[in-house]
Amino acid sequence: MLRGFDTFRKRITLLSGGLLLSLSLVLIASFYQLTSTRLSHASGESLVGISQSISNMLTANIAERKREVILLSKRTFLYENQDLSDLQDVIDRIKSSYKDYAWIGFANPDGLVLASGNGLLKGADVSQRPWFINARTAPFVGDVHPALLLESLLPKPKDGIPIRLVDFAAPVTGENGEFKGVVGIHADWTWVRDIISSSLTEASKRKKIDVFIIDRDRNVLYPSGSAQGDIAVPKELPKNGQFKSLVWQDEEAYLTSLVSVGFLDSTKLGWQIVVRQPLSIAMATVNEVHKLLILFGGLATLFCMFLAYQFASTLSRPLERLALTAQSIQQGNRNATFQDDSKLSEVASLSCSLEKMMSSLLVREQSLMQMNLTLETKVRTRTAELEASNRSLEVIVRQDPLTQSYNRLALDEALLDEYNLAKQSQRPFAVIMADVDYFKKVNDVYGHTVGDTVLKKMAVLFSRLVGSKGMVARFGGEEFTVLLPNFLVEEAEIIAETLRSALEKEEMSDGLFVSASFGVAIYLADDSHYEQVLNRADAALYDAKEQGRNRVVLSAITS
């Protein structure tokens, strides 16, 4: 059975080598299993975190666009004039403020477009378009679709990808509840690419992390027409908020995560964020360590087999004593020693060899434990970095990129908190709406760069004057909102007058001074939603515009 190994020396060599190799394989396999599981879980959680961050940003962006069209539909006075000139001015300002708005317009009850940005589709019949049909009774957010009527009117994209749009629409009703038409916004789908680009760091790109957006039928909405080609997602995807390893259509294994986009209100488009990373890259560190351990184990085994072969000799009673010593060590006695008082040089050499082998195994055991601790530390460090990145994204989502003041999302959250507090403790709060007078002329005469400077200085001035008494947010375009907790209307009027007076004296550029109109409203006990306070302040703002601008007007209900 052991033909060719007919000497004790050869058999001892084979036995010692086999034992050391087996122990090495067991330790390496255990270590690989442990580290690969932990690294896979950490990488998967990282992908889930990226998916959730993109989902949160997309949800906030969709909600802000929906609120924009709803607020535009509720400015009923814009639709009262027969020539709709005021509505046309508002539409042009909104479209110029957002580069991703491909079209904004208003259609009468028959579906005839009466006002639109840059006059696109003015006079066209949109009565059969889904956004008009669905928005006749309630606000509507449509799924991604190709540009049909606008395809030939809009500039061709540089990348050659067909234009795709997302529709936002809301019904317009008069003060007596009469249906006056539908106001709609078509947003260019390219804004999603900007959201995803801002969510992925350079490190993520180096790790070949890919992001996909799919609809409820698992059709890929993003990317489309890219260098990646037509990609189909696997049939068996992870559950919401989870991850697992999947084989994609290119026959390569990817660590894949999925997070559903949780839209607000009744907007349920069924979009999902899928993030993947090649499993070979996610497990690259463990695979490299695994190869090094196999190489080290093989070399150590060969070295020990060589020592065993050189120092093995005839076995006798000293060998039995050595066997007893080995048995004691096997039972967990780390203090046992292979030292023997035999006069035989071969036995002494074997004792020395076994002693060294035991020490080597202990050193390797300690080395493996240390490597495991080092890897755990790296995983914790990377997890902390991801958490810090997520916290930074939370701040970015609530900050206006131009003025560095709070944006609409942060304002809505603060207003909701104040509204709930007012309902519980009857603590009042006030809202000031401010709009720069003739801001379009500033952009036309001085350029949009100076216009941006005006908005930045206005935000800094308002924040400095309001200080810790309240919150300053950019409402949209050239409009700002000031939230004043625990303020009565008279106190809020004083703050508004202070802002108005300081603004008209502030030099924005060489010889350029601007003014603003202010509307002030206060929370009322019978308010059923915080937006009612905003609407009253907005109505007072437009009263100030009609009364000559550069003035403060109180809401008719609070004054």
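Derivation of every value follows stated rules applied to the coordinates shown; laboratory data play no part. Since we're looking at a predicted model, the values are computed, not measured. Methodologically, a virtual Cβ is constructed for each residue, glycine included, from the backbone with ideal geometry; neighbour enumeration extends over all protein chains shown.
Which of rounded, prolate or oblate describes region 408-554 when judged by the alpha-carbon gyration tensor and an a/c cut-off of 1.5? Spell out each step's value before the answer.
Working: a/c = 2.04, a/b = 1.91, b/c = 1.07.
Prolate shape, in that a/c is at least 1.5 and a/b is the bigger ratio.
Give me the extension gain from Leu402 to Asp217: residue separation times 0.36 nm, minus the current Cα-Cα distance, reported in nm with one decimal.
The Leu402-Asp217 span can extend by a further 62.9 nm.
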- Item | When each of Lys156/Lys180; Lys156/Lys239; Lys440/Lys505 is checked by Cα-Cα distance, pairs over 30 Å | Lys156/Lys180; Lys156/Lys239
- Task: Holding the Cα-Cα limit at 28 Å, pick out from Lys99/Lys469; Lys66/Lys122; Lys66/Lys456; Lys441/Lys469 the pairs that are longer than that.
- Result: Lys99/Lys469; Lys441/Lys469
- If r is the Cβ-Cβ distance from Ser22 to Ala556 and R0 is 56 Å, what FRET efficiency results, to the nearest 0.05? 0.05
- Query: For Trp271, which sequence-distant residues (separation of 5 or more, or a different chain) have an amide H within less than 5 Å of its own amide H, given hydrogens modelled in the peptide plane?
  - Reply: Val261
- Item | Spin-label model distance (nm) - Asp444 vs Ser425, 7 Å beyond Cα toward Cβ | 4.9
- Sequence neighbours fewer than 8 away in the same chain don't count; with that in mind, list the aspartates and glutamates whose C-alpha is under 18 Å from Lys356. Asp340, Asp341, Glu346, Glu365
- For region 162-169, Karplus couplings with θ = phi - 60° (6.51, -1.76, 1.60), whole Hz, Gly/Pro x: x, 5, 10, 10, 10, 8, 10, 8
- Item | Cα gyration tensor shape for region 108-152, rounded if a/c is under 1.5, else prolate or oblate | oblate
- Toward the positive end of the charge dipole of region 408-554, about the Cα centre and with charges on Cβ (Lys, Arg +1; Asp, Glu -1), which of Met471, Pro428, Phe518 goes farthest? Met471
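Multiply the residue separation of Glu504 and Leu34 by 0.36 nm, subtract the distance between their alpha-carbon atoms, and state the gained length in nm to one decimal.
Details: separation 470, 0.36 × 470 = 169.20 nm, distance 6.73 nm.
Here the segment from Glu504 to Leu34 would lengthen by 162.5 nm.
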- If r is the Cβ-Cβ distance from Glu175 to Ala138 and R0 is 22 Å, what FRET efficiency results, to the nearest 0.05? 0.70
- Each label point is 7 Å from the Cα along the Cα-to-Cβ direction; what then is the distance between the points at Asn486 and Ile70, in nm? 3.0
- Note on the structure: For the Ser349, Leu292 Cβ pair and Förster radius 30 Å, calculated FRET efficiency rounded to 0.05 is 0.45
- Item | Virtual spin-label span in nm between Ser260 and Ala384, 7 Å along Cα→Cβ | 3.6
- Message: Using 0.36 nm times the number of residues separating Gln327 and Lys99, minus their current alpha carbon distance, what extension gain do you get?
- Response: 74.2 nm
